Amino acid sequence: MQSKARLVVMVLSFFVIAALVQPCMAGELHNKLAAESTIEQIVKRGTIKVGMDIFVPWAMKNKKGELVGFEIDVAKQLAEDMGIKVEFVPTKWSGIIPALAAGKFDVIIGGMTVTPKRNMKINFTRPYYYTSQGLLANRKMTEGFTIEDFNSPEVTIAARLGSTGAVAAKANFPKARLRLFDDEPAAVQEVKNGRVHAMVGGQPLPAHIASESPDTLKAFGEQLMKEPMCFGIRKGDVDTLNFFNNWIEIVRAKGWIDEKYSYWFESTQWKDQLQ
């Protein structure tokens, strides 16, 4: 009987100790994860590293060689509100998600929209704005075309590699031939030179480019795909996701995002700044 009593006491003691130790271990783990979060590392470093690619009007070079654009303003305002500096890390779009995962920078702020395929590799914040894809065509090659006429095996359409413009082109014009380029300027040049019939790109690029060369190019008004724009961050980082989500809510509520979007997407006042 005594041995059984001792066994019962030992078992109960084990569970009591486990119950006391488990919260301590959980607390230590929580503190460790919080200390290792990207947002904590950014604060300690005093600089946020932002991955982006060059494309109009999200991020461009002005006449002084400085980065300007909608996403540049967003990233600068984020850094200012955090009381830190911002460092931009230009990265080819096709490799921007692997670069984020590899720790080359802290966050993607570069007109990135959410797709299931991308979301399997990285996490996304809530949307801070929405964009759409549009069609820019060579006027001579597509004379008399309606939007439906581009869905033909005789038509070649360009898009940027790894972009949702390429997704929109496949979805809207599955019968057309698709050519992919590392950046949008190269795709636009192919349209201008008549080597492709059209290109699909994020608005307002098609409308702006067409307005510069109305005799050569034409923009179609149809919205090919509406998409939410979000920050991209590495997986498993709840604290960083929480901070960015709350910051987005604050600046949207103040109307700051709408103001910047209107300037960069609905006006051309900024064009004389560019190289």
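The values are calculated or read from the model by the stated rules, or taken from the named source; none is laboratory data. Small disclaimer: the values here were computed from a predicted structure and weren't measured. Because the Cβ atoms are built from the backbone with ideal geometry, glycine has one as well, and the counts that use them run over all protein chains shown.
Annotations
- For Val68, the stated conditions hold: it is farther than 22 Å from Asp237 by Cβ, at pLDDT 95 or above and in the same structural domain as Ile250 (by TED's automatic domain parsing).
- All of Phe265, Phe244 fail the test of being at pLDDT 95 or above, assigned by TED's automatic domain parsing to the domain that holds Thr91, buried (at least 16 other Cβ atoms within 10 Å of the Cβ) and assigned to a helix (DSSP H, G or I), apart from Phe244.
- Among the residues listed as Ala186, Ala171, Ala210, Ala198, the single one being in the same structural domain as Leu136 (by TED's automatic domain parsing), under 30 Å from Arg126 (Cβ atoms) and among the small types (Gly, Ala, Ser): Ala171
- Of the residues making up the stretch 71-78, one or more are under 24 Å from His208 (Cβ atoms), out of contact with any helix residue (DSSP H, G or I) (no Cβ under 8 Å at 6 or more places or on another chain), in a helix (DSSP H, G or I) and in contact (Cβ under 8 Å) with a residue 40 or more places away in the chain.
- Residue match in the stretch 116-129 (condition: hydrophobic (A, V, I, L, M, F, W, C), under 21 Å from Asp239 (Cβ atoms) and at pLDDT 95 or above): yes
- Figure legend. Inter-residue proximity from the stretch 247-275: first residues under 15 Å from Ala207 (Cβ atoms), second residues among the hydroxyl-bearing types (Ser, Thr, Tyr), beta-carbon distance below 6 Å, spacing 6+ or different chains. Indicated pairs: Tyr261/Tyr129.
- With a requirement of 3 or more residues that are surrounded by fewer than 21 Cβ atoms within 10 Å (Cβ to Cβ) and modelled with pLDDT of 95 or more, the strands (runs of 3 or more DSSP E) lying completely within the stretch 155-210 that satisfy it span 177-181.
- Looking across the stretch 126-154 at every residue that is touching a Pro at 6+ places or on another chain (Cβ under 9 Å) and assigned to a loop (DSSP other than H, G, I, E, B), the one that is surrounded by the fewest Cβ atoms within 10 Å (Cβ to Cβ) is identified as Asn151.
- Restricted to the stretch 96-125, and to residues there that are of a type in the set (A, V, I, L, M), out of contact with any strand residue (DSSP E or B) (no Cβ under 8 Å at 6 or more places or on another chain) and not in a helix (DSSP H, G or I), the residue that is farthest from Gly255 (Cα to Cα) is Ala102.
- Hey, Thr91 of a type in the set (Ser, Thr, Tyr), in the same structural domain as Ile48 (by TED's automatic domain parsing), more than 30 Å from Thr216 (Cα to Cα) and in contact with a Gly (Cβ under 6 Å, 6 or more places away or on another chain) or not: yes
- Selection from the stretch 126-159 of residues that are in contact with a strand residue (DSSP E or B) (Cβ under 7 Å, 6 or more places away or on another chain) and among the small types (Gly, Ala, Ser): Ser132, Gly134, Ala137, Ala158, Ala159
- The stretch 47-85, residues that are β-branched (Val, Ile, Thr) and closer than 16 Å to Ile257 by Cα: Val68, Ile72, Val74
- Matching residues, the stretch 204-220, being over 27 Å from the mean Cα position of the chain (by Cα) and within 14 Å of Glu184 (Cβ to Cβ): Leu217
Here's the yes/no breakdown for (1) closer than 17 Å to Leu224 by Cβ; (2) in contact (Cβ under 8 Å) with a residue 60 or more places away in the chain:
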{"position": "Arg160", "(1), (2)": "yes, yes"}
{"position": "Ala168", "(1), (2)": "yes, no"}
{"position": "Asp183", "(1), (2)": "no, yes"}
{"position": "Lys192", "(1), (2)": "no, no"}
